[in-house]
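Trainee: Here it is, the structure in full.
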Amino acid sequence: MDGKISSNIIAGQTVHEKYGGIVPELASRAHIQNIIPVVDAALKTANCTLQTLDAIAFTQSPGLIGSLLVGAQFAKSLSLSLHKPLIAVHHMQAHVLANLIADEKPSFPFLCLTISGGHTQIVLAKSPYDLQLLGETIDDAAGEAFDKSAKLLGLPYPGGPLIDKYAVQGNPHKFKFAEPQIHGLDFSFSGLKTSVLYFLQDAMKKDSSFIQNHLDDLCASIQYTIINILLKKLKKAVRQAKVKDICIAGGVSANSALRKAFKDLGETEGWQTFIPAFEYCTDNAAMIAITAHYKYLAGEFADLSISPSARAEW
Ligand code: KG4
Ligand code: ZN
């Protein structure tokens with residue numbers, strides 16, 4: 001009730017690694033196996049019981065429908081049996097509000113660049129309940145650009161954190177990749193993937209060990225391009241929206257070079273910058289809890305007829 005996080009248990013799913021991406025059917029099966037032990041561990045860590053909870057929150061959209069169904073049905077069953085209110089949470093709203101977990105929070109209105117494996121969005125947050133979408137990707141998400149580039153480099157899924165790791169030793173200016181010219185505040189990342197693909201095909205024809213010999217520089221250069229695309233648009237959005245408190249969120253905001261580049265840009269531009277703690281960037285329970293906290297305060301409860309939705313309607 002105090003807006004503080006008491007536990008944040010996450011069950012990772014390594015089963016997808018060998019497939020180069022998430023396999024939806026395997027994801028929902030793993031959710032069924034994980035959900036009771038995870039809830040159990042969360043209650044134990046928080047030192048509470050089901051009876052002492054104030055409400056039951058779940059992710060309603062967007063996402064893989066099989067996985068969403070597992071969570072939604074479980075939450076509805078708990079809500080019904082415990083006579084506790086049910087709270088439906090939007091995954092992308094939760095990524096933005098992850099910035100409110102910290103002691104030093106952004107003030108409303110603030111701008112948030114949310115960068116995940118499925119979405120890339122610039123959002124103007126006027127309150128916890130009023131988020132306005134200013135721009136988004138017209139094709140791939142930034143996380144997909146990381147993961148698909150990593151796959152072309154022969155790295156396992158998800159490749160984003162590995163690119164981050166190898167890039168630390170690499171030269172970000174060694175190779176140049178195409179940056180798209182997209183009007184307004186929208187993004188595009190599919191051209192980058194194609195540019196990396198053609199570049200690698202050409203280089204590997206001349207030297208079959210090219211990737212192996214230049215992995216660090218390739219990772220650093222790809223990462224540099226993605227960060228540049230993201231931050232240029234963010235700068236444009238801030239100038240238009242005329243707000244001073246600026247956040248990033250979502251899995252890609254765990255990227256070490258992006259975190260630094262964002263902070264540096266904020267200093268140059270005179271922004272107050274905010275990034276969720278590392279563990280609240282990639283998908284996590286705490287961001288759902290903080291969003292549920294604000295919805296609880298506003299009395300925004302769901303009834304048992306609610307269904308999850310794969311698509312992201314704001
Ligand atoms: O928000 P998230 O956990 O899940 C979705 O809602 O999609 O984001 C996952 C994405 C993946 O594409 C993953 O590669 C990327 O976040 N990611 C990173 C890093 N950590 C996670 N990308 C770059 N650098 C990282 N350190
Ligand atoms: Zn996410």
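The values are calculated or read from the model by the stated rules, or taken from the named source; none is laboratory data. Being a predicted model, the structure only gives us computed values, none of them experimental. Here the Cβ positions follow ideal geometry from the backbone for every residue, glycine too, while neighbour counts run over all protein chains shown.
Trainee: The conditions are (1) in contact (Cβ under 8 Å) with a residue 24 or more places away in the chain; (2) out of contact with any helix residue (DSSP H, G or I) (no Cβ under 7 Å at 6 or more places or on another chain); (3) of a type in the set (A, V, I, L, M), and Ala57 fails exactly one of them. Which is it?
Mentor: (2)
Trainee: Give the residues of segment 139-162 that are outside any helix (DSSP H, G or I) and touching a helix residue (DSSP H, G or I) at 6+ places or on another chain (Cβ under 8 Å), sorted by residue number. Full working, then the answer.
Mentor: Just the residues of segment 139-162 that are outside any helix (DSSP H, G or I), to begin with: 139-141, 153-159.
Within segment 139-162, Asp139, Asp140, Leu153, Gly154, Leu155, Pro156, Tyr157, Pro158, Gly159 meet the criteria.
Trainee: Okay, moving on. Between Ser149, Ser77, Ser107, which is among the polar types (S, T, N, Q), under 20 Å from Ile288 (Cβ atoms) and at pLDDT 95 or above?
Mentor: Working: Ser149 fails: under 20 Å from Ile288 (Cβ atoms); Ser107 fails: under 20 Å from Ile288 (Cβ atoms).
Matching residue, one of Ser149, Ser77, Ser107: Ser77.
Trainee: Got a sec? Which helices (runs of 4 or more DSSP H) wholly within segment 209-303 have at least 2 residues that are of a type in the set (Val, Ile, Thr) and under 22 Å from the mean Cα position of the chain (by Cα)? Steps first, answer last, please.
Mentor: Numbers: elements: 210-241, 256-269, 285-297.
Once the helices (runs of 4 or more DSSP H) in segment 209-303 are filtered for at least 2 residues that are of a type in the set (Val, Ile, Thr) and under 22 Å from the mean Cα position of the chain (by Cα), what remains is 210-241, 285-297.
Trainee: Another one. So which of Lys260, Lys235, Lys193 ends up being more than 16 Å from ligand 1 (Cβ to nearest atom) and of a type outside the set (A, V, I, L, M, F, W, C)?
Mentor: Details: Lys260 fails: more than 16 Å from ligand 1 (Cβ to nearest atom); Lys193 fails: more than 16 Å from ligand 1 (Cβ to nearest atom).
Just one listed residue meets the conditions, Lys235.
Trainee: Could you list, in sequence order, all residues of segment 120-135 that are more than 14 Å from ligand 2 (Cβ to nearest atom) and either part of a helix (DSSP H, G or I) or under 15 Å from the mean Cα position of the chain (by Cα) (or both)? Give the steps one after another, and end with the answer.
Mentor: Residues of segment 120-135 that are more than 14 Å from ligand 2 (Cβ to nearest atom), as a first pass: 122, 124-135.
Ile122, the sole residue that qualifies.
One line per residue, one yes/no per condition, for (1) more than 16 Å from ligand 2 (Cβ to nearest atom); (2) of a type in the set (Phe, Trp, Tyr); (3) over 18 Å from the mean Cα position of the chain (by Cα); (4) surrounded by 21 or more Cβ atoms within 10 Å (Cβ to Cβ):
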{"position": "Pro109", "(1), (2), (3), (4)": "yes, no, yes, no"}
{"position": "Leu113", "(1), (2), (3), (4)": "no, no, no, yes"}
{"position": "Gly143", "(1), (2), (3), (4)": "no, no, no, yes"}
{"position": "Gly154", "(1), (2), (3), (4)": "yes, no, yes, no"}
{"position": "Pro158", "(1), (2), (3), (4)": "no, no, no, yes"}
{"position": "Ile163", "(1), (2), (3), (4)": "yes, no, no, yes"}
{"position": "Val168", "(1), (2), (3), (4)": "yes, no, yes, no"}
{"position": "Pro172", "(1), (2), (3), (4)": "yes, no, yes, no"}
{"position": "His183", "(1), (2), (3), (4)": "yes, no, yes, no"}
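Trainee: What is the one condition in (1) of a type in the set (Gly, Ala, Ser); (2) in contact (Cβ under 8 Å) with a residue 60 or more places away in the chain; (3) under 23 Å from Arg311 (Cβ atoms); (4) part of a helix (DSSP H, G or I) that Gly63 does not satisfy?
Mentor: Exception for Gly63: condition (4).
Trainee: To continue, here is another question. Just the residues that are within 10 Å of ligand 1 (Cβ to nearest atom) and not in a helix (DSSP H, G or I), please, taken from segment 94-119. Steps first, answer last, please.
Mentor: In the first step, residues of segment 94-119 are kept if they are within 10 Å of ligand 1 (Cβ to nearest atom); the result is 94-95, 98, 114-119.
Listed by number, the residues that qualify are Thr114, Ile115, Ser116, Gly117, Gly118, His119.
Trainee: Here is a list of conditions, (1) over 19 Å from Cys281 (Cα atoms); (2) touching a Ser or Thr at 6+ places or on another chain (Cβ under 7 Å); (3) crowded, with 17+ Cβ neighbours inside 10 Å; (4) not aromatic (Phe, Trp, Tyr), and Ala150 meets all of them except one; can you say which number that is?
Mentor: Result: Ala150 fails condition (2) only.
Trainee: Please go through (1) in contact with a strand residue (DSSP E or B) (Cβ under 9 Å, 6 or more places away or on another chain); (2) touching a residue at least 60 places away in the same chain (Cβ under 8 Å); (3) farther than 18 Å from Ser188 by Cα for Glu267 and return the number of the only condition it doesn't satisfy.
Mentor: Evaluating Glu267 over (1) in contact with a strand residue (DSSP E or B) (Cβ under 9 Å, 6 or more places away or on another chain); (2) touching a residue at least 60 places away in the same chain (Cβ under 8 Å); (3) farther than 18 Å from Ser188 by Cα leaves (2) as the failure.
Trainee: Give segment 187-208 a look and list any residue that's crowded, with 17+ Cβ neighbours inside 10 Å and in a loop (DSSP other than H, G, I, E, B), or say none. Let's see the steps before the verdict.
Mentor: Initially, segment 187-208 is screened for residues crowded, with 17+ Cβ neighbours inside 10 Å, giving 187-189, 191-193, 195-196, 199-200.
Selection gives Ser188, Phe189.
Trainee: Scan segment 192-208 and report the pairs whose first residue is touching a residue at least 40 places away in the same chain (Cβ under 8 Å) and whose second residue is among the β-branched types (Val, Ile, Thr) and surrounded by 11 or more Cβ atoms within 10 Å (Cβ to Cβ), with Cβ atoms within less than 9 Å and a gap of 6+ or a chain change.
Mentor: As it stands, the answer is Leu192/Ile222; Leu192/Thr225; Leu192/Ile226; Leu192/Ile229; Val196/Ile222; Val196/Thr225; Leu200/Ile211, since those pairs meet every condition given.
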